[in-house]
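Engineer: Supplied in structure tokens, the structure appears directly below.
Read-outs throughout are calculated quantities, based only on the coordinates presented, and are distinct from any laboratory measurement. Worth saying up front: this structure is predicted, and the values here are computed from it rather than measured. Here the Cβ positions follow ideal geometry from the backbone for every residue, glycine too, while neighbour counts run over all protein chains shown.
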Amino acid sequence: MCERVHGRDEGISVEDLEAVRAAGYSQLLAQGFVIVDEDKRYAENINAVSTGFRSYDFGEPVAISCGATPDMLSYERMQDEVGPKLRDRVKELERALGLPSVLVNRG
């Protein structure tokens, strides 16, 4: 297994990646979407908010994201507007397709 993954100009340890993944899953459970902390983002010039989706047509879950430059998509806008709307649209899609939440299928 690779011991370091390179993002920005620095390496990120496997332990750091596991901690970010756990924090993201906690956000997903608490609010239904994830925003990566600014100091942990791979691309400094992109803000993004994401949620999960799993269809029977896919072999595994996918992330549905909305991203833009920080001047267009601030942290506050991601938290208060875009994240909740993204979560709600994906829940509508799950209901329309008769699918359980991606959280039910976590492996």
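Engineer: Per 0.36 nm of contour for each residue apart, how much would the distance between Y75 and A63 grow if the chain were fully extended, relative to their Cα-Cα spacing?
Structural biologist: 2.4 nm
Engineer: Taking the 0 to 90 degree range and rounding to the nearest ten, how far is the long axis of helix 14-31 tilted relative to the main principal axis of the chain, both from C-alpha atoms?
Structural biologist: 30 degrees
Engineer: Compute the semi-axes of the equivalent ellipsoid of the chain, taking the square root of 5 times each eigenvalue of the Cα gyration tensor, and list them largest first in whole Å.
Structural biologist: 25, 19, 11
Engineer: With contacts defined as alpha carbon pairs under 8 Å and 6 or more residues apart, what's the relative contact order of the range 4-105 in percent?
Structural biologist: It comes to 23 percent, rounded to a whole number.
Engineer: Shifting gears a bit: Specify which residue in the list L17, Q27, L99 is farthest towards the positive end of the charge dipole of the chain, using unit charges on the beta carbon of Lys, Arg (+1) and Asp, Glu (-1), about the Cα centre.
Structural biologist: L99
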